[in-house]
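One structure below.
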Amino acid sequence: MVKNAYDADANIVVVTLAAPERSAGTISVVDDGSGMMLETLTDVWLEPGADMREIQRIGGIRTPKYKRLPLGEKGVGRFAAHKLGNRIRLWTRAKGEPELHVDINWSEQIGRRYMDETEISIVETDSVYFKKGRTGTRIEITDLKSVWTRGDVRRLWRNVTSISAPFTTADDFDVSLLVPGHESWVNDLLDVNDILGAALWKYDFCFDEHGFRWNYSFRPPPGMGLEGRSDSAAREGLPLPKRLAEDFFDESPLPGSIPTSFVDGIGPVEGSFFVFDQDREVAAFIPEQSQIATFLEENGGVRVYRDDIRVYSYGEPGDDWLGLDLRRVNQPTRAISNNNIVGLISLDMDLSSELREKTSRDGFDDNIAYQRLRAIVLSALTHLEGMRTVDKGRMRRVLSKNAKESRISPNSAIAELRKEVEKRSLGPEITKLVDKVESRVQEMQDTLLRPGATQMHVATLFHEVEHGVRALNAAIRRGEPIEKLQQRSGSLIELLDSFANFFRKTPETQVKASDLVRTVCQLNADRFDRHRVILSTPIVTNEARDFELRVPRNIVMGAISNILDNSIYWLDQRWPFDVRKSRRAIVVTTSDYFEEGPALILADNGPGYRLAPEDVLQPFITLKPDGMGIGMYYARLVMEACGGFVAFPAAEDVGLSKAYDGAVTALVFSKGEWCK
């Protein structure tokens, strides 16, 4: 009935439950919409299955006042009102027409076998409710078929007040719920705007045919002693997580960003995410935390709106259409759970014709358009999670600034995993993968660490390995398929292999910086071509000064490769749509800007570093949706082992042209010697 009021161009709808705890109570729905003429009342409202709204919707016929496309389709929703009570009375008035009254008492129609045998009279009134030219519709339901509890009313309040999206620019559809005599049933329900205003993270985004734009803000609670921050970007690529890309593409390499063609039949996808933190240490700084927790228990999740009207049942309690809780199990330190987010996804009714609602009206059909919508929303959420990880780290450091680092060993977790694998007889493939993980960990424990890195580095890595092993164990207990278990095991081994060379005692050799760069670029030549990257290497072509250094050759090459990997990835994000002309560029050169010694400079024209320098070099902090956050950390360890460091100078300080306006990274070798 409230949605019907929307279709009737109503501005205000008032739902009143008088004495709902008794069958003698009354339910009324009153709107100030366009009302109904006699013809509409007889041929539409009293006719089941009347397709007037569907015809308007397909034909793109919008309402005269607020230019709305109808929400109704099947012409049967209004008859659900008869499930609430035995007597339905209606008063309605259209512009320039008399007020009409209908009184339906089903207890008097019991002897009728078919609906067309019912006798229903329509009478003109002397403007009982709609006087002085006012228009609208009033429906009253009495002789209630069931009584309403406090919980029923609170759930109804949540539903009717969430039909219209919050924060809309036009105040053109206001729904309220009144419960005379039982105001206490709903008085403690906080206004949604107050709740959302207390969110620690706010993230807005839009993905359309022009690309991806977003705004991010972190708003720590007062008293925590931590400054907030914000960031934004316009018209760049929306990073596509590998796990989602595999659902849509077979080619290799998989695209790193979502094609703009994903919005075909969907239209622009706009969204707002309000993210909370309910950890005990954080909650102590938020006075309204108990009310926020209650609100999130009933309202947490991501809702979908078309033309500012909600599409059910997305975001309802128990509905997790994005699989957020499963993601949280797999990535507990990064992923956002369903009860810590209130999300609003906005679609345009005209442009989202490929998103078709199910006959049951509980969401969209699971077609390719819906899968693309889901991928867009999940990719935007993953992008938010990357930035949120940085600020969560800052917050945790403030809250536990006196905490000490501790050495963690994953051995017990591996032993538990092995028992679970044997218990469930998962076969030799999984057993071999567990053996491989254990072997890699044992190798690191035996060699500990190269000179130059501390035991804290081992503890950090082992902590992540332990988490990965326990997540794999949990997946086995949940009964995930073998191929998923193999994928999880492979990710663990990849993490360990990435550090294998560093942990081994690699011999040092005297080498020129140009030789290292030449070899790395030759190994990555195919990737530069595939990603249409223009590579400039003045150090190789003798256009820049060369220098010699004595280092473990392989691990330094690994550090250079990691930085180039980052450049290629982020260039794809900044320049995702240029298929005719490549604008992507990387330069590898040298500089004498640093007093400590010669520097190898790697720069690009991507979006640049969005993390603070101290966060770039921390482990497990990354904005990549599938990244581990160890590439730059590895580079840092390598440079420390070589007696140098990683720096992030300004482009002009190291003699770069203005074309390289993205990330600039310097590997400074304190023991390097310039060639004569």
For this session: Using Cα centres only, tell me the gap between region 300-372 and region 138-154 in whole Å.
Result: 29
Problem set entry | Exposure of S261 as accessible area (Å², to 10), given a probe of 1.4 Å and all protein chains | 50
Seminar exercise, completed: Rounded to 0.05, the calculated FRET efficiency for the beta carbons of K95 and N159 at R₀ = 41 Å is 0.85
Exercise. When the accessible area of region 205-319 is computed with all protein chains present and a 1.4 Å probe, what percentage of it is carbon and sulfur?
Worked result: 44
Exercise. Measuring from label point to label point, each 7 Å out along Cα→Cβ, what is the A293 to L254 span in nm?
Worked result: 3.8
Seminar exercise, completed: Under a 1.4 Å probe, counting only protein heavy atoms, E108 has an accessible area in Å², nearest 10, of 140
Exercise. Going by the alpha-carbon gyration tensor, a ≥ b ≥ c the square roots of its eigenvalues, is region 625-666 rounded (a/c under 1.5) or, if a/c is not under 1.5, prolate (a/b greater than b/c) versus oblate?
Worked result: oblate
Problem set entry | Highest to lowest packing among 310-321, 173-184, scored as the average C-beta count within 10 Å | 310-321, 173-184
Exercise. For the pair D366 and D143, what calculated FRET efficiency results from E = 1/(1 + (r/R0)^6), where r is the Cβ-Cβ distance and R0 = 41 Å, to the nearest 0.05?
Worked result: 0.50
Exercise. Taking the highest mean first, how do the peptides 649-656, 11-18 order by number of other beta carbon atoms within 10 angstrom per residue?
Worked result: 11-18, 649-656
For this session: Could you rank the peptides 428-438, 221-231, 368-378 by their average count of other C-beta atoms within 10 Å per residue, with the highest value first?
Result: 368-378, 428-438, 221-231
Exercise. So which GluC sites (Glu not before Pro) in region 513-620 are both in a DSSP loop and have at most 16 other Cβ atoms within 10 Å of their Cβ?
Worked result: E543, E595, E596
Exercise. How much length, in nm to one decimal, is gained on full extension between R532 and I493, taken as 0.36 nm per residue of separation minus their Cα-Cα distance?
Worked result: 11.0 nm
Problem set entry | ³J(HN,Hα), Karplus 6.51/-1.76/1.60, whole Hz, each residue of region 539-544, x for Gly, Pro | 5, 7, 8, 6, 8, 9
Seminar exercise, completed: Residue-normalised value, i.e. accessible area per residue, for region 538-577 at 1.4 Å probe, in Å², stands at 39
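Mind listing which chymotrypsin sites (Phe, Trp or Tyr not before Pro) in region 561-634 are in a DSSP loop and have 14 or fewer other Cβ atoms within 10 Å?
Answer by residue number: F577.
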Problem set entry | Within the accessible area of region 344-395 (1.4 Å probe), percent carbon and sulfur | 43
Seminar exercise, completed: On the accessible surface of region 563-639, probed at 1.4 Å with all protein chains in place, carbon and sulfur together account for a percent value of 48
For this session: Show the residues, 5+ positions off or on another chain, whose built amide H is closer than 5 Å to the amide H of E21.
Result: W148
Problem set entry | Cα-projected label distance for S176 with D231, points at 7 Å along beta-carbon direction, nm | 4.3
For this session: Find the percent of Cα-Cα distances in region 244-353 that exceed 21 Å, and round it to a whole number.
Result: 51
Exercise. Can you give the charge dipole size of region 144-276 about its Cα centre, rounded to the nearest 20 debye, using +1 on the beta carbon of Lys and Arg and -1 on the beta carbon of Asp and Glu?
Worked result: 560
Problem set entry | Residue-count net charge about L200 - beta-carbon cut-off 11 Å; Lys, Arg +1, Asp, Glu -1 | +1
Exercise. For D565 and A80, what is the calculated FRET efficiency with R₀ set at 60 Å and r taken between the beta-carbons, to the nearest 0.05?
Worked result: 0.60
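The values are calculated or read from the model by the stated rules, or taken from the named source; none is laboratory data. Please read these numbers as outputs of a predicted model, since none were measured by experiment. Every residue, glycine as well, gets a Cβ built from its backbone with ideal geometry; the counts of neighbours run over all protein chains shown. Ligands, DNA and RNA are stripped out before the accessible areas are found, and what is left, the full protein with its side chains, is counted by its heavy atoms. Shrake-Rupley method; radii C 1.70, N 1.55, O 1.52, S 1.80 Å.
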